[in-house]
1. Give the residue, chosen from A:32, A:44, A:6, that is surrounded by 18 or more Cβ atoms within 10 Å (Cβ to Cβ), closer than 13 Å to residue A:150 by Cβ and touching a helix residue (DSSP H, G or I) at 6+ places or on another chain (Cβ under 8 Å).
2. Quick check on my filter: what residues within region B:289-310 are more than 24 Å from residue B:332 (Cβ to Cβ) and within 13 Å of chain A (Cβ to nearest Cβ)?
3. From B:520, B:529, grab the single residue that is closer than 29 Å to residue B:257 by Cβ and in contact (Cβ under 8 Å) with a residue 60 or more places away in the chain.
4. Could you say which residue among B:431, B:453 is surrounded by fewer than 24 Cβ atoms within 10 Å (Cβ to Cβ), closer than 18 Å to residue B:507 by Cβ and touching a residue at least 24 places away in the same chain (Cβ under 8 Å)?
5. Looking at region B:133-170 only, could you name the residues that are surrounded by fewer than 23 Cβ atoms within 10 Å (Cβ to Cβ), in contact (Cβ under 8 Å) with a residue 24 or more places away in the chain, within 12 Å of another protein chain (Cβ to nearest Cβ) and not in a loop (DSSP other than H, G, I, E, B)?
6. Spot the failing condition for residue B:301; the list is (1) in a loop (DSSP other than H, G, I, E, B); (2) surrounded by 15 or more Cβ atoms within 10 Å (Cβ to Cβ), and only one is missed.
7. Restricting attention to region A:57-70, which residues are within 7 Å of chain B (Cβ to nearest Cβ) and under 18 Å from residue A:152 (Cα atoms)?
8. Based on what the data block shows, is residue B:196 buried (at least 19 other Cβ atoms within 10 Å of the Cβ), in contact (Cβ under 8 Å) with a residue 12 or more places away in the chain, over 23 Å from residue B:288 (Cα atoms) and touching a helix residue (DSSP H, G or I) at 6+ places or on another chain (Cβ under 7 Å)?
């Protein structure tokens with residue numbers, strides 16, 4: 001099953017490779033991994049999207065906790081949470097595609113952030129599955145380039161990851 | 001600059017003094033010249049110059065294994081650090097507390113592909129508990145403090161500190177922190193009391209209780225608590241390779257080692273028990289074989305371990321107890337002292353089964369008149385040393401024979417590479433052990449293949465007058481490889497025959513030691529007696545025993561099979 005794991009770690013050089021190295025060394029999947037400093041500049045927050053059986057997810061959480069640089073780990077799937085990912089897509093917008101691309105962008109509540117004679121650059125945010133759905137919905141031949149940030153997640157309501 | 005400023009190199013040395021380090025095992029080189037200059041100008045610890053960095057780390061590792069203190073190694077950048085990697089990985093797999101200091105090229109040269117530069121922190125990352133690259137002289141003291149703290153607390157392990165050359169030359173004041181706090185690292189010590197109570201009640205009410213103890217008991221200095229507990233509840237106990245000595249082997253409750261080359265009774269009892277208490281052990285593949293087969297006989301499993309990630313890793317645990325083994329066992333002993341019935345009434349029946357398995361006599365072997373049996377050499381070694389020597393070993397058949405035929409009654413007497421299985425550790429392990437225990441008998445049980453992997457250390461032994469006795473079980477084969485080829489590869493002995501062997505007697509003599517070649521069974525005991533005699537008390541003796549080439553290690557659980565699916569000597 002797909003799990004979103006959030007963690008706080010020391011904002012130090014090498015911390016990221018300790019986490020990514022752990023996943024490759026133990027053969028765990030990484031669907032996406034995002035990391036950036038938090039409002040406290042000594043801490044970074046990372047969101048890892050992974051998948052595996054309950055036993056594997058339990059091991060992943062334990063192994064992450066074992067890393068000296070990792071301060072706190074939370075499996076967002078243990079409760080209610082919100083997930084968002086940003087995708088920037090460059091699509092063909094010539095006479096053939098222009099109207100359709102504008103329409104699809106509106107349907108997925110995206111925004112056109114750059115325009116040229118032949119293409120649109122569109123930003124869309126949402127859960128990873130919504131972004132997948134957008135890609136599925138438009139003509140593959142129209143896609144020129146995509147870039148995705150990977151998912152970020154946060155607990156709903158009072159569910160807070162803080163030290 | 002104030003007058004109390006000292007160089008970064010001197011700061012490193014002062015940190016080692018603060019940590020009361022007695023021995024540093026190392027090898028100099030460009031990036032650590034400043035540090036070596038500071039080593040030269042102090043006399044609080046002894047520097048042991050090895051002949052290869054791998055041996056420095058192994059020797060520091062054995063110093064730790066045999067004393068419980070943190071071992072320290074010092075190597076230079078680039079090849080110094082990469083040579084150390086095997087030693088570090090070996091210590092990591094067996095959770096040995098160590099601090100490895102490596103030199104690095106100057107900070108301004110990092111990333112420039114400088115001479116003898118490598119990404120030491122990157123290369124060692126997967127095989128250390130933690131590592132640091134110190135980029136500022138102000139951080140040397142606090143980093144060293146953290147390194148010793150992380151290495152020795154929680155589940156111990158090696159910690160590497162990489163120090164660029166330029167900051168060892170700069171000057172700064174020395175201020176060693178009194179304590180250390182890491183917000184991201186708080187090892188759990190005390191086990192959950194509710195779980196501990198549950199565990200005791202399960203053990204006391206079981207029909208077939210069993211205890212399985214591992215290296216964590218030795219590392220956690222919990223052997224007297226374990227012994228007290230096991231003797232009070234009266235249950236059978238087995239031990240992993242790493243746990244030998246954690247419970248006295250001469251005790252009748254002890255069933256011997258379990259696992260791939262464990263005794264018949266230990267493996268059968270593991271399989272047939274209904275309540276199993278695992279203490280400081282990790283259910284690894286060489287110990288329980290196939291986990292599904294292991295669980296095919298239903299049992300309730302209690303697991304005490306300081307590392308939460310060891311719990312339910314290979315086998316689902318019913319009662320996990322995360323904590324320091326010594327503290328959890330002390331709590332179990334406390335609870336037990338308040339119980340009315342301290343021993344389980346079903347034990348009598350359980351021991352009847354066990355005695356039946358014992359009567360198989362699975363470790364029996366036939367001595368030969370002409371050929372020296374390797375098991376006989378180990379038995380005689382046990383007799384001659386009165387069972388009280390420190391035994392180090394390399395990796396292979398000889399290691400298993402040493403584990404099977406030299407019963408250990410005390411912890412920290414059996415020094416070998418369990419997890420990584422590193423050939424070549426035996427001699428450097430004996431060096432670290434002998435330096436830590438100068439008056440003790442130290443024997444290195446090895447084979448003609450393993451010993452050649454760190455043979456250069458005979459020179460270190462000469463320089464430091466280490467009277468190690470090397471027990472070379474020379475069967476002219478990489479014995480364990482040959483055994484697997486015989487059993488599983490149709491007797492095709494691919495590259496496992498050791499051709500062109502040196503004359504070990506002359507080799508030992510050329511290094512200034514005593515060499516003996518023993519070819520007859522009747523010479524085994526006299527040779528060992530002579531080697532351990534007062535006459536040769538100060539000398540390293542290399543005993544080259546020419547043994548039976550065809551001897552195999554039994555019993556054996558083939559790879560991927562279940563514990564009760566052993567092959568015994570009689571099956572073949």
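1. A:6
2. The one that is more than 24 Å from residue B:332 (Cβ to Cβ) and within 13 Å of chain A (Cβ to nearest Cβ): B:291.
3. Just one listed residue meets the conditions, B:529.
4. B:453
5. B:133, B:146, B:149, listed by residue number.
6. Evaluating residue B:301 over (1) in a loop (DSSP other than H, G, I, E, B); (2) surrounded by 15 or more Cβ atoms within 10 Å (Cβ to Cβ) leaves (1) as the failure.
7. A:70
8. Criteria met by residue B:196.
The values are calculated or read from the model by the stated rules, or taken from the named source; none is laboratory data. These numbers were taken from a predicted model, which means no experiment stands behind them. Heads up, the Cβs are rebuilt from the backbone with ideal geometry, glycines too, and the neighbour counts pull from every protein chain shown.
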